[in-house]
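Below is one structure, written out as structure tokens; the observations come after it.
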Amino acid sequence: MPHFDISEPAELDRLAGEARDKIGRLRSRVLRQANGALPYDYIVPNGVYEEQWDWDAFFVGLHLVSADRANGVYLKNWCLNFLRHSEPDGHTPGGIRPWSGRDARLYHIKPLMGQAAYYASIALGDFAWIGPVWDKMARCVTFRERTMSDRMTGLVKWWDSMESGADNNASLVRRYHNSMAAADVNGFMVLDYRAMAVIAEKLGRAGEAAEFAERARKLAAAVNAVLWDEADATYYTYDAVEKALVKRDVYSNWVALWARLASPERAKAMIERHILDPAKLWAPHGIRSLAADDPDYNNENVIKPYSNWQGPIWPHANWMLMHALMHYGYPEAALAVAERVTQLCLKDLAENGMMRENYHADTGAPLAAPDFISWNLLAAQMLDEARSGAFLPDPERTLFKD
């Protein structure tokens, strides 16, 4: 177990307050008024972007509702903007440009639609808005299962590494299209099915609620049956073409912990042998996106043709893992992650007047995408959440329950 080197409470108080103020005040810069192909006010990753991207806007939306429940309207709008461009079969883009609509680079939206609708609704205290778009939403959510699932294992797959958001994920990049069943796509899918089950129940659709709950149960079981490697004590990506696990110690493996799909025994083994090992994922400035002992490990400042997920610290990924660490009984590790990521973002703001999308895992140096404001807004709340044990968008953590 590494030494966590956490600051004294008074210093944590100072850092948490500074994060709420200096990072939180930037949230207005990610909001845009309805424009062109985006008929509802929306969220962008501030910088060179004017598009609505699937997980950028989703994670920003989670930050916004933690600050003010009325901001649930932006997650509601996230859903409505994407559904505006959903095909009759549910095929939905992962990005929308105001001037031209569908962005074909992201084949299908990440499994976040149900979760966005759920968090919007609990923030606003209103599920009724989903009724008129329920059928379209259900087709969107189930599209991946219907067109990108592996019949042998029951797992769902990414179309390609770019669709996953972790652009050059070492277990995905440059492999076949529609072949890779990673722990992240399946973990997000389980949570989306659970969200749809809750929504259906709220809308009085008991039969569909039961169907979505059963989808979630079966998929969670498949993750644990296929993606878990007992000898290595971790989840991996499954290559449905080669019918084998891709044994790379990558970010996407952790999402099974975020979705709480691991038993306490498995989580303990994975966390202690991978997450908390300084020779693998535990770094001086957070959790690496690829293990340090992987031959492809690097912290290069790259954004084209891929953003770099082969080593650097990504704030929103660390936020997810912070919550997993809290859930599985590692509060000190979670607090250390929160403090380190908060310090990265605050230091960048102090020294350079901006934040970036990722940071050097070993030195803390700011890397790609200058003046990037997006999911790194979660750093405004990481210390508060780590110290309280709360998940602010959903204090009861409904989606994490079977």
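The values are calculated or read from the model by the stated rules, or taken from the named source; none is laboratory data. Here the structure is a predicted model, which means the values were calculated and not measured. Cβ placement follows ideal geometry from the backbone for every residue including glycine, while neighbour counts extend to all protein chains displayed.
A few notes on this one:
- Residues of the stretch 148-165 that are within 20 Å of residue 220 (Cβ to Cβ) and in a loop (DSSP other than H, G, I, E, B): 148, 150, 151, 152, 153, 154, 155, 157.
- Enumeration of residues in the stretch 231-261 that are of a type in the set (A, V, I, L, M) and over 19 Å from the mean Cα position of the chain (by Cα): 231, 233, 240, 241, 244, 245, 246
- For the stretch 181-205, residues that are part of a helix (DSSP H, G or I) and more than 18 Å from residue 136 (Cα to Cα) total 8.
- When restricted to residues that are buried (at least 17 other Cβ atoms within 10 Å of the Cβ) and either farther than 17 Å from residue 267 by Cα or not β-branched (Val, Ile, Thr) (or both), the stretch 212-236 contains 12.
- Conditions (1) more than 22 Å from residue 258 (Cα to Cα); (2) surrounded by fewer than 24 Cβ atoms within 10 Å (Cβ to Cβ); (3) in contact (Cβ under 8 Å) with a residue 40 or more places away in the chain: number failed by residue 65: (1)
Rundown of residues vs (1) at pLDDT 95 or above; (2) in contact with a strand residue (DSSP E or B) (Cβ under 8 Å, 6 or more places away or on another chain); (3) hydrophobic (A, V, I, L, M, F, W, C), yes/no style:
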residue: 102; (1), (2), (3): no, yes, no
residue: 133; (1), (2), (3): yes, no, yes
residue: 136; (1), (2), (3): yes, no, no
residue: 148; (1), (2), (3): yes, yes, yes
residue: 152; (1), (2), (3): yes, no, yes
residue: 158; (1), (2), (3): yes, yes, yes
residue: 165; (1), (2), (3): yes, no, no
residue: 173; (1), (2), (3): no, no, yes
residue: 190; (1), (2), (3): yes, no, yes
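- Looking only at residues of the stretch 24-79 that are at pLDDT 95 or above and part of a strand (DSSP E or B), we find that the one that is farthest from residue 386 (Cα to Cα) is 35.
- A single entry from 323, 274 fulfils the requirement of being within 19 Å of residue 6 (Cβ to Cβ) and either among the basic types (Lys, Arg) or surrounded by 19 or more Cβ atoms within 10 Å (Cβ to Cβ) (or both): 323.
- Subset tally (residues that are within 16 Å of residue 171 (Cβ to Cβ) and either in contact with a Gly (Cβ under 6 Å, 6 or more places away or on another chain) or not aliphatic (A, V, I, L, M) (or both)) for the stretch 308-327: 5
- Qualifying residue in the stretch 129-147 (condition: in a helix (DSSP H, G or I), of a type in the set (Ser, Thr, Tyr) and touching a Phe, Trp or Tyr at 6+ places or on another chain (Cβ under 8 Å)): no
- Matching helices (runs of 4 or more DSSP H) fully within the stretch 228-331 where at least 2 residues are under 18 Å from residue 188 (Cα atoms), touching a helix residue (DSSP H, G or I) at 6+ places or on another chain (Cβ under 9 Å) and not charged (D, E, K, R): 251-258, 315-327
- Only a single criterion out of (1) surrounded by 23 or more Cβ atoms within 10 Å (Cβ to Cβ); (2) modelled with pLDDT under 95 is not satisfied by residue 303, namely (1).
- Qualifying residue in the stretch 67-81 (condition: under 30 Å from residue 296 (Cβ atoms) and of a type in the set (Ser, Thr, Tyr)): no
- Residue 106 being closer than 24 Å to residue 308 by Cβ, touching an Asp or Glu at 6+ places or on another chain (Cβ under 8 Å) and at pLDDT below 95: yes
- Tally of residues being under 18 Å from residue 303 (Cβ atoms) and among the hydroxyl-bearing types (Ser, Thr, Tyr) across the stretch 337-371: 1
- Comparison of 390, 386 shows that the only residue that is touching a helix residue (DSSP H, G or I) at 6+ places or on another chain (Cβ under 8 Å), of a type in the set (Gly, Ala, Ser), farther than 15 Å from residue 313 by Cα and at pLDDT below 95 is 390.
- For residue 99, the stated conditions hold: it is in contact (Cβ under 8 Å) with a residue 24 or more places away in the chain and outside any helix (DSSP H, G or I).
- Yes/no for residue 246 being surrounded by 24 or more Cβ atoms within 10 Å (Cβ to Cβ) and either touching an Asp or Glu at 6+ places or on another chain (Cβ under 9 Å) or of a type in the set (A, V, I, L, M, F, W, C) (or both): no
- Residue count for the stretch 173-210, restricted to those that are basic (Lys, Arg) and without any contact (Cβ under 8 Å) to a residue 60 or more places away in the chain: 1.
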